[in-house]
Amino acid sequence: MIPSLLQLVAYLEKSALAENIRENDVLFPTIESVHVLSICLVVGSILIVDLRLVGLASVRRAASSVLSTILPLTWSAFAIAITSGSLMFISNATKYLSNDFFVCKMILIGVAGVNMAIFHLVSVRNLHLWDHSLNPPLQARLAGAFSILLWISVVACGRWIGFTMGVN
Amino acid sequence: MKFAAYMSWLSKWLASTALSQTIQTSGWLIPTLQTIHILCVATVLSSAIIVDLRICGIFDRNEPLQYIARRFLPVIWPVLLILLLTGSLLVVAEPHRSLQNSTFILKMGLLVVAVAITAGLQASINRSSGVLDKNNFHRIAARFAACGSILIWCGIVFAGRWIAYTEAG
């Protein structure tokens with residue numbers, strides 16, 4: 001499976017689209033700006049949800065209503081971040097794959113996804129018990145705290161990629 | 001003294017300070033400051049955009065605008081102070097990269113406009129309870145301001161990234 005995945009990456013890196021992004025002076029910084037913008041919205045909005053789970057903000061609103069109003073914004077921004085990120089990735093795939101901070105960032109996003117999945121499978125099931133509580137249960141607070149730490153690390157890794165890739 | 005000549009003198013002087021030397025040569029301080037800067041941008045941008053979207057009637061319409069503004073706008077001001085602090089340190093570290101860069105000047109100009117619109121919206125929402133939801137003229141004016149605010153905050157993030165790609169003059 002791994003060799004075929006590497007072949008696919010090599011194929012994408014050789015594509016005309018990847019070449020255009022690599023060679024064009026305007027395209028890469030523009031995609032990068034869209035990426036930063038969407039990551040900011042992902043992190044800013046997920047922080048609102050996480051702080052509610054930890055019990056530090058929006059406590060007068062039901063947790064369920066914070067989740068249902070904010071998460072669509074998070075997912076929309078995440079879709080844009082994935083798209084812009086993938087375009088940057090294929091323009092220099094081999095270099096990104098050999099960059100430790102890039103690999104770390106992908107793993108951290110994966111862990112954030114697992115953290116979120118566990119929260120939805122475990123804590124959301126008894127959400128009605130603590131929906132209006134100022135002190136959410138420990139499992140919800142842990143999920144929120146982990147998420148905050150993970151997303152801060154994702155942003156840090158993202159910035160460090162720029163300093164270790166030989167591009168800006 | 002002309003603006004460009006003054007900026008040139010200022011960035012030479014800043015670059016010669018001990019603080020600038022320390023940040024420049026540490027290797028990890030600049031990315032750390034940039035990471036804090038981006039996290040603060042995420043907070044300010046998301047808060048401002050959520051209130052702007054609510055003014056435009058797109059986000060969380062069941063919740064009164066005043067509650068949403070009270071939840072999200074106050075946090076902008078202390079975080080903006082951290083942004084000014086980390087931003088200033090980044091300027092001190094590499095003054096030539098920013099002070100003599102037209103994109104950086106543009107970013108600062110956009111920031112002044114964004115801050116003015118956000119402060120104006122916050123003041124008028126606090127002053128007039130519910131009027132932006134009821135009065136037609138006020139609602140349309142507020143929607144214009146909110147759309148402008150979204151565009152300008154996004155422009156600030158774009159300009160921020162483009163500083164790295166603009167030739168310093």
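Throughout, read-outs are computed from the coordinates displayed, never taken from laboratory work. Since we're looking at a predicted model, the values are computed, not measured. Cβ sites come from the backbone with ideal geometry, for glycine too, and all protein chains shown count toward neighbours.
Quick look at the numbers
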| quantity | calculated |
| --- | --- |
| Gain on full stretching of the segment that runs from B:Cys56 to B:Trp77 - 0.36 nm per residue minus C-alpha separation | 5.3 nm |
| Cα gyration tensor, chain A - rounded (a/c under 1.5), prolate or oblate | prolate |
| Efficiency of FRET between A:Ser68 and B:Ala4 - r from beta-carbon atoms, R0 45 angstrom, step 0.05 | 0.30 |
| Tensor-based shape of the stretch B:72-114 (alpha-carbon gyration tensor, a/c under 1.5 rounded, otherwise prolate or oblate) | oblate |
| Choice from B:Trp77, B:Trp153, B:Trp28 showing the highest fluctuation, given a GNM over chain B with Cα pairs closer than 10 Å | B:Trp28 |
| Simple label model, 7 Å out from Cα along Cβ direction - B:Asn136 to A:Leu97, nm | 6.2 nm |
| B:Thr166-B:Val115 pseudo-label distance in nm [points 7 Å out on the Cα-to-Cβ vector] | 1.8 nm |
| Tensor-based shape of the protein assembly as shown (alpha-carbon gyration tensor, a/c under 1.5 rounded, otherwise prolate or oblate) | oblate |
| Per-residue HN-Hα couplings for the stretch A:148-159 [Karplus 6.51, -1.76, 1.60; θ = phi - 60°; Hz; x = Gly/Pro] | 4, 4, 4, 6, 4, 5, 4, 5, 4, 4, x, 5 |
| Förster-model FRET efficiency, 41 Å R0, A:Val124 and B:Ser88, C-beta, rounded to 0.05 | 0.45 |
| For the stretch A:6-23, 3J(HN,Hα) per residue [Karplus equation, 6.51 cos²θ - 1.76 cosθ + 1.60, θ = phi - 60°, Hz, x = Gly/Pro] | 5, 5, 4, 4, 4, 4, 5, 5, 8, 5, 4, 4, 4, 4, 4, 5, 5, 8 |
| Distance between the stretch B:51-86 and the stretch A:35-92 - C-alpha centres, whole angstrom | 15 Å |
